[in-house]
Amino acid sequence: MLNKKNLVLTFSYLFYLLPAALITGPFLSDLIVTLLGFFFLIYTFKYQLWNYYNNYFTKFFLAFYLYLITSSIWAADSLSSLKSSLPYIRFLLFSLAVVYLSKVNVNFYKSFFKFMLFTLVILILDAYVQVIFGKNLFNQSIYYLKDSYTQTMTTRVSGFFGSELILGSYISRTIFVLLGVYIFCKKKINNIYFIFFLTSAFIIVFLSGERLSFFITIFCIVYILFQSKNLKKKISVFLLILFSIIFLITLTNTNVKNRMVVSTFAFLNSDFKNNSYTSPEKFVIFSPDHHELYVAAYKMFLEKPILGHGHNMYYENCGNFKRSVSSCSTHPHNTLLQIAVENGVIGLLFLFIIYMYLIILFFRNLLEKNINRDKYFFFKICLLSIISANIFPFVTSGNFFNNWISIVYYLPVSLYLSIHMQKVDLKNE
């Protein structure tokens, strides 16, 4: 019989399986998020859990959610936009479900760590098999692709993700969640095997050929470095070793070098850009394809600057603003521009508040001398590093409202809320 204890355990296991479900794609992972959301909604009414909604996160989320619906109503295709915006409430319910489960399940973090570690170990081992033998455990081949910008041959490692070249994105966005849970459960990093595992994971991110994912990795390491005064020497040595290994890889693997070094620096070389792509703006942001997306997005924003074109409506409207085939995609590949185009200035205000909150937290944690730098602190720092990296405004990004991306974004947010609210409860006892 499924009593309250068994139900809590069942839904806890659903959450433990979320990292593995993300590897399979958006369907199973979104199903887990939805089931957890329904579970918490039912428990809210059954056990009067209204106190879980009495926090700034919930109030802010609900305000943003109501605005998304308003923006959708004013969209050219309001029905299509509403189909995307209305279900967005599941991410609030999912986050609160994680808070609740972490409070009533004493083994929540330890069990989640074991499941997540197992998932990442298998994923990374498979990726190394693909690097060494050319094919992974499922007989999926490593990708050799000609870079459209530099016309050089490059290598992309995708592992279990196959034709979806998001291995680096997945690892970079989950490994710091795992690190935070590890510190919280173990209190400090003192296991040489775990450090070796982290190094192996970061190298795979580099070998995946995903420049944004590698940036996220370095961003998070540096973020943690600045926040961890007593670990600065160890992290600095770790960074030196990591970059030494990466330097050796670029010296010995031409295809990786072409992808991660030659192509990257070609973007920064104005002479190279002018010879291969003529921009009316006399400059190029990241690449010709990105530049055309950004120009179209800017023009779209100018047409409807207040409310925007509606939630998830970039693709529906970009055809009217394109000047090349590169101008249209499902999203403009930048979080700041996507919110500006689809949700207007008012949407940007919500994003600005989030940025300000993260910046204030960073400097408060950096400068405050009386902060107790315990396991709670370092857990939150690891989570804040990836939350900040996920929405960093000055880099390329995935679709902010995409199901898979949203789950990856809300995973550290939900855990941050769970540990933050747990700490508040302890102070009030």
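The values are calculated or read from the model by the stated rules, or taken from the named source; none is laboratory data. Being a predicted model, the structure only gives us computed values, none of them experimental. Ideal geometry is used to build each Cβ from the backbone, glycine not excepted, and the neighbour counts take in all protein chains shown.
Structure above, values below:
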quantity	calculated
Checking PRO332 against (1) in contact with a Cys (Cβ under 9 Å, 6 or more places away or on another chain); (2) in a helix (DSSP H, G or I); (3) crowded, with 19+ Cβ neighbours inside 10 Å, the condition it does not meet	(2)
LEU225 vs. criteria under 23 Å from ILE391 (Cβ atoms), outside any loop (DSSP other than H, G, I, E, B) and within 20 Å of the chain's Cα centre (by Cα)	yes
Enumeration of residues in segment 159-181 that are touching a helix residue (DSSP H, G or I) at 6+ places or on another chain (Cβ under 9 Å) and more than 26 Å from ARG373 (Cα to Cα)	GLY159, PHE160, PHE161, ILE166, LEU167, GLY168, SER169, TYR170, ILE171
Residue list for segment 115-137, restricted to those being in contact (Cβ under 8 Å) with a residue 24 or more places away in the chain and either under 22 Å from THR154 (Cβ atoms) or out of contact with any helix residue (DSSP H, G or I) (no Cβ under 8 Å at 6 or more places or on another chain) (or both)	LEU123, ILE124, ASP126, ALA127, TYR128, GLN130, VAL131, ASN136
Some residue of segment 203-220 being under 30 Å from ARG364 (Cβ atoms), at pLDDT below 90 and of a type outside the set (S, T, N, Q)	no
Residue match in segment 102-109 (condition: touching a helix residue (DSSP H, G or I) at 6+ places or on another chain (Cβ under 8 Å), of a type in the set (Val, Ile, Thr) and in contact (Cβ under 8 Å) with a residue 60 or more places away in the chain)	yes
Odd one out for ILE285 among (1) part of a helix (DSSP H, G or I); (2) modelled with pLDDT under 90; (3) crowded, with 16+ Cβ neighbours inside 10 Å	(1)
Subset of segment 307-322 (residues that are surrounded by fewer than 22 Cβ atoms within 10 Å (Cβ to Cβ), in a loop (DSSP other than H, G, I, E, B) and under 27 Å from the mean Cα position of the chain (by Cα))	LEU307
Yes/no for SER158 being of a type in the set (Ser, Thr, Tyr), modelled with pLDDT under 95, over 21 Å from the mean Cα position of the chain (by Cα) and not assigned by TED's automatic domain parsing to the domain that holds PRO412	no
Segment 295-306, residues that are touching a residue at least 24 places away in the same chain (Cβ under 8 Å) and either in a helix (DSSP H, G or I) or small (Gly, Ala, Ser) (or both)	VAL295, ALA296, ALA297, TYR298, MET300, PHE301
Some residue of segment 180-191 being in the same structural domain as VAL256 (by TED's automatic domain parsing), aliphatic (A, V, I, L, M) and in a helix (DSSP H, G or I)	yes
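Let's see how each residue does on (1) of a type in the set (S, T, N, Q); (2) in contact with a Phe, Trp or Tyr (Cβ under 6 Å, 6 or more places away or on another chain); (3) closer than 9 Å to ALA297 by Cβ:
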{"residue": "CYS318", "(1), (2), (3)": "no, no, yes"}
{"residue": "CYS328", "(1), (2), (3)": "no, no, no"}
{"residue": "ASN334", "(1), (2), (3)": "yes, no, yes"}
{"residue": "ILE339", "(1), (2), (3)": "no, no, no"}
{"residue": "ASN343", "(1), (2), (3)": "yes, no, no"}
{"residue": "GLY347", "(1), (2), (3)": "no, no, no"}
{"residue": "LEU351", "(1), (2), (3)": "no, no, no"}
{"residue": "MET356", "(1), (2), (3)": "no, no, no"}
